[in-house]
Amino acid sequence: KPTPPPPPRPAPLLLLLLLGRANGLFPEEPPPLSVAPRDYLNHYPVFVGSGPGRLTPTEGADDLNIQRVLRVNRTLFIGDRDNLYRVELEPPTTTELRYQRKLTWRSNPSDINVCRMKGKQEGECRNFVKVLLLRDESTLFVCGSNAFNPVCANYSMDTLQPLGDNISGMARCPYDPKHANVALFSEGMLFTATVTDFLAIDAVIYRSLGDRPTLRTVKHDSKWFKEPYFVHAVEWGSHIYFFFREIAMELNYLEKVVVSRVARVCKNDLGGSPRVLEKQWTSFLKARLNCSVPGDSHFYFNVLQAVTGVVSLGGRPVVLAVFSTPSNSIPGSAVCAFDMTQVAAVFEGRFREQKSPESIWTPVPEDQVPRPRPGCCAAPGMQYNASSAFPDEILNFVKTHPLMDEAVPSLGHAPWIVRTLMRHQLTRVAVDVGAGPWGNHTVVFLGSEVGTVLKFLIWPNASTSGTTGPSVFLEEFETYRPDRCGRSGGGEAGQRLLSLELDTASGGLLAAFPRCVVRVPVARCQQYSGCMKNCIGSQDPYCGWAPDGSCIFLSSGTRGAFEQDVSGASTAGLGDCTGLLRASLAEERAGLVSVNLLVTSSVAAFVVGAVVSGFSVGWYVGLRERRAGISIQLHNSVLGVSAGGRGAWRRRDGGGAASADPTSPPPPFQASPQPRLLACVGVCVCVCACRVRVQGARKGREVCVCACPRGLLPACVCVTAGHACSVPVCVRGGGPSGLSVG
C-alpha cells in the first residue's frame with residue numbers, strides 16, 4: 001500500500017506573515033504614486049572627468065574611481081584616484097558637469113615599490129582620496145591612501161594649490177581604499193575613525209591637530225571595538241558622536257552578531273593620568289541603536305548603512321538612519337529616527353559589564369558606579385576641572401565599562417519607513433526638512449545599492465511619543481546613467497551608489513558613483529503637465545498646478561498662483577486624465593457647451609448607430625439563411641486549418657473530449673486563402689451573419705473572428721476618435737464558407 005503524501009505545509013514566509021497578523025501587523029509597503037520614465041535619465045547632467053571645452057575625458061585616460069564628494073555652497077569637490085576636481089554648480093547646465101580646476105596628486109615611485117613588495121596589486125598602489133574636508137573658509141584638508149602609506153595635506157579651496165608641507169595620514173586615513181572611515185573638524189581639531197595599520201586590525205577613534213593633545217581609543221580591546229565599520233560622525237553639544245556597526249561582544253553566545261552602535265567622546269577631553277588611560281579617551285562610551293518592528297518578538301534591522309546630519313523635525317534634534325538586515329537574512333531595509341536628547345540620556349543610564357570571560361553581560365548596580373559619573377566631561381568649575389585629574393577609580397571604570405546597558409530607542413519605537421520587497425537594499429539617505437513653497441514639509445530620499453532612489457513624504461509628530469504619520473511613497477526614479485557612467489559590462493560594482501546629497505539651491509540631488517556624479521532633480525513635475533488630477537494627486541510638495549494648465553516646480557519661497565494638496569485628499573472631482581477627457585477645474589463661460597461633452601456625445605452617437613446597423617444586417621442575413629435552409633456547423637478548429645487544406649482536424653464529441661485523426665477526411669468546407677487582418681485602436685463592434693462568433697481582446701484593441709456562409713459579409717465597424725476603419729469582407733474559398741479577421 002503506497003504511503004500517503006504528507007499534508008501540505010504553508011511556506012515559512014507565509015507562516016511568518018500569518019503570525020505577524022496575529023501578533024501585530026508588519027508595516028505595509030504601498031507602491032509609489034509615480035515611477036519616473038527612464039528616458040528622463042538622458043537629460044540629467046553628469047560629471048565623468050571632462051574639463052573646460054572638452055566634450056569627453058582625455059583619450060586613453062583611466063575611468064574615474066571616485067571616493068569622496070564635498071559640496072561647499074555652489075562648488076563641488078570630487079576626490080578621485082590620483083586627482084582632485086573642482087566643479088562649479090553655477091550656472092546650471094543640462095548637459096555636462098565640467099571641472100574648472102584639477103589637482104593631480106600621485107604616489108611617488110618609492111611608495112609604489114614598497115606597496116608592491118608588500119604583496120599589493122598595481123591598481124591598489126595608487127593615491128585614493130579618502131578624507132576631503134573643509135578646514136576653514138579657504139582651506140581644504142585632503143588625505144590619500146598613497147599606496148598604503150597614507151598622507152594628508154592642506155590645499156587652497158580656490159586654486160587647489162598646496163599650503164604647507166604634507167603630514168602623516170596614519171590614524172587619519174585608512175591604508176586600504178576599501179576600508180570605511182569618517183572624519184570631521186570641530187573647533188580646529190580633527191576627529192577621525194579609521195584603522196591605523198597596514199593589516200587593518202587596529203581600529204581607532206582619533207583626535208589630532210588643534211591645541212589639545214592627541215588622543216585615541218584603547219588599543220586591541222574588544223570591549224571598545226570588535227571589527228567596527230564606521231558610517232558617520234556628527235557634532236552635537238559638547239560631544240562628537242560616531243555611528244558605526246560592529247560584532248556584539250555581549251552577544252558572543254550567539255556567535256557573530258552584527259549590531260549598530262553610537263559612541264561619543266568629549267571635545268575637551270585631555271586624556272587620563274600617567275597611570276591609567278594616558279593619551280587615551282576618558283569619555284568614550286557606546287550604546288546600541290534599536291531599529292526594530294515591535295511585537296511579541298521584535299524584528300531587528302541590525303546593519304547600519306547611512307546616517308544624516310542633525311536636523312530639526314517637529315522641534316526635535318533628530319538624525320535619520322538607514323538600517324538593513326544581514327546579507328544572509330531575508331532582505332529588508334528600514335529608516336529610523338533618533339532624538340539626540342534621547343541618545344544623550346542613554347549615556348546617563350546604567351552601564352553593562354561582564355564579570356568574567358565565561359559570564360553573561362549584566363547591568364552594573366548604581367551603587368557600584370563611582371562619582372563623579374564615568375564618561376562625563378570635565379570642565380572648569382567642577383570638582384575636577386580636567387580629565388587628567390580624575391581619580392584612578394573613575395578612569396579604570398571607564399576603561400573596563402565602555403558599554404551602556406540600555407539601547408537608544410527610535411522615535412515612535414518603530415521604523416518610519418520599511419521596505420522588504422526590494423531586490424537591492426537601501427544604503428544612502430538624504431533629507432529635506434524645508435521642502436515645498438512654504439518650507440514646511442519633510443521629504444526623505446533613500447538610495448539603493450544600484451542608484452534607484454525612493455522619495456517619501458513623512459509627517460513628523462511633535463508630541464512626546466515622537467511618532468510619525470503614515471509615510472507617503474511619492475516617487476521612484478533612477479539616477480545611474482549607464483551610457484555615461486563607465487564602460488558596459490562593469491557590473492554592479494561600478495553602479496554602487498557612494499553618496500547622495502541634497503543640493504537645495506538647484507533643486508537637485510547629487511548622486512555619486514565610482515565613475516561619475518549625476519545631478520538629478522528632486523521632482524519631475526513636467527510629466528504631469530496637461531493633467532491637473534495627476535499633478536494634484538502626486539502629493540509632491542515640490543509640484544503645483546499653475547493657471548496656464550502646467551505642473552510647475554515649486555522651490556522654497558515660490559510666489560504666484562498655484563494649487564497643491566499634499567494631504568492626499570480625494571481627487572475624484574478633478575476628472576479623468578486618460579483618453580479624451582481632461583481634468584480641469586476651470587469654470588466654463590456661461591452659454592457655452594463643453595468641447596469634451598460635444599466630442600463624447602458624437603462618439604457615443606456613432607457607436608450606437610454602428611451597433612444598430614450591425615444588428616439590422618445580422619437579422620436580415622439570418623432571415624435569408626433560414627429561408628434558404630442553410631445549416632452550418634462551425635468547429636473550434638476553423639482557425640487552425642492550413643491554406644492548402646492539409647493536416648489533422650479536431651472535433652469535440654458529446655462528452656467534451658478532443659480528438660484528432662490525421663487519416664480522416666477534412667470537414668465539408670474550410671477556408672483556404674490567407675485571411676485579411678485589420679487592427680483598430682478604439683471601440684470595435686462586430687456582428688457576424690452567422691450563428692457562432694469568436695471574439696477576443698487584447699490590450700487597447702478588439703479582434704473579431706467571424707465565420708460566414710458563402711456570399712455573406714460580416715458587419716464589423718471599428719470606431720476611433722473621429723473616424724471609422726474600413727469594413728472587412730469574408731474570404732471566399734472553394735467551400736461554402738469564408739473567414740475574416742477584423
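Across the range 354-362, coupling constants 3J(HN,Hα) worked out from phi with the 6.51/-1.76/1.60 Karplus curve, θ = phi - 60°, read 10, 6, 8, x, 9, 8, 7, 7, 9 Hz, and Gly and Pro carry x.
Starting from the range 229-280, pick out the GluC sites (Glu not before Pro) whose DSSP state is loop and whose Cβ has at most 14 other Cβ atoms within 10 Å.
Glu255, Glu278
Amide H contacts of Ser499 (H built 1.01 Å from N, in plane; Pro and chain starts excluded): Ala512 sit under 5 Å, all sequence-distant by 5 or more or on other chains. For the range 296-365, a/c is not less than 1.5, where a ≥ b ≥ c are the root eigenvalues of the C-alpha gyration tensor, and a/b does not top b/c. That puts it in the oblate class.
Go ahead and run the numbers for FRET between Ser273 and Ser555, Cβ-Cβ distance against an R0 of 51 Å, rounding to 0.05. Computed FRET efficiency for Ser273 and Ser555 comes out at 0.35. Evaluated on the range 144-302, the Kirkwood hydrodynamic radius is 17.1 Å, with distances taken between all distinct Cα atoms. Spin-label model, Val369/Glu28: points 7 Å from Cα along the beta carbon direction are separated by 4.3 nm. Taking N as the residue count of the range 94-140, its C-alpha radius of gyration divided by 2.2 N^0.38 Å amounts to 1.65.
Applying the Karplus relation 6.51 cos²θ - 1.76 cosθ + 1.60 with θ = phi - 60° to the range 451-457 yields 3J(HN,Hα) values of x, 6, 10, 10, 10, 10, 9 Hz, where x marks Gly and Pro. For Leu554, nonlocal amide neighbours, meaning residues 5 or more places apart or on other chains whose placed amide H falls under 5 Å from its own, are Cys543, Gly544. Give, as ranges by residue number, the residues of the range 214-258 whose backbone N falls under 12 Å from the point 7 Å along Cα→Cβ of Ile360. Counting backbone N atoms under 12 Å from the label point, the list is 251-254. For a modelled paramagnetic label at Asp392, 7 Å from Cα along Cα-to-Cβ, the residues of the range 267-287 in reach, with backbone nitrogen under 14 Å, are 273-278. For Val310, the accessible surface of its heavy atoms amounts to roughly 60 Å² (probe 1.4 Å, protein chains only, rounded to the nearest 10). Between Asn113 and Asp565, the contour length at 0.36 nm per residue exceeds the Cα-Cα span by 156.4 nm. For the pair Arg106 and Glu122, label points projected 7 Å from Cα toward Cβ lie 1.3 nm apart.
Computed from backbone phi with θ = phi - 60° and the Karplus coefficients 6.51, -1.76 and 1.60, the 3J(HN,Hα) list for the range 537-553 is x, 5, 6, 8, x, 7, 10, x, 8, 8, x, 7, x, 10, 9, 10, 7 Hz; x is used for glycine and proline. Under 14 Å from the 7 Å Cα→Cβ point of Ala493, by amide nitrogen: which residues of the range 173-195? Label zone hits: 177-179. Basic side chains Lys and Arg get +1 at the Cβ, acidic Asp and Glu get -1 at the Cβ, and with that the dipole of the range 103-203 about its Cα centre reaches some 380 debye.
Principal axis analysis of the Cα atoms in the range 45-187 yields extents of 46, 43, 26 Å, listed in decreasing size. A Förster radius of 35 Å combined with the Cβ-Cβ distance from Thr341 to Ala572 puts the calculated FRET efficiency at roughly 0.20.
Placing pseudo-labels 7 Å out from each Cα toward the beta carbon at Asn42 and Thr93 gives an inter-label distance of 2.0 nm. Kirkwood radius for the range 149-199, taken over all pairs of different Cα atoms as the inverse mean of 1/r, rounds to 12.1 Å. Expressed as a whole percent, the accessible surface of the range 158-292 that belongs to carbon and sulfur atoms is 51, based on a 1.4 Å probe.
Ligands, DNA and RNA left out, the 1.4 Å accessible surface of the range 483-562 is 48% carbon and sulfur atoms. Around the amide H of Leu163, modelled in the peptide plane, lie the amide H atoms of Asn154, Tyr155, Ser156, all under 5 Å away and 5 or more residues distant in sequence or on another chain. For the residue pairs Lys223/Lys399; Lys219/Lys279; Lys355/Lys399; Lys219/Lys399; Lys130/Lys256, the alpha carbons lie more than 19 Å apart in Lys130/Lys256.
Between Asp62 and Ser616, how high is the FRET efficiency from 1/(1 + (r/R0)^6) when r is the Cβ-Cβ distance and R₀ = 56 Å? Nearest 0.05. With R0 = 56 Å, the Cβ-Cβ based efficiency is 0.15.
The values are calculated or read from the model by the stated rules, or taken from the named source; none is laboratory data. Given the structure is predicted, the values throughout are model-derived calculations rather than measurements. Methodologically, a virtual Cβ is constructed for each residue, glycine included, from the backbone with ideal geometry; neighbour enumeration extends over all protein chains shown. SASA here: full protein model, heavy atoms, side chains in, ligands and nucleic acids out. Shrake-Rupley method; radii C 1.70, N 1.55, O 1.52, S 1.80 Å.
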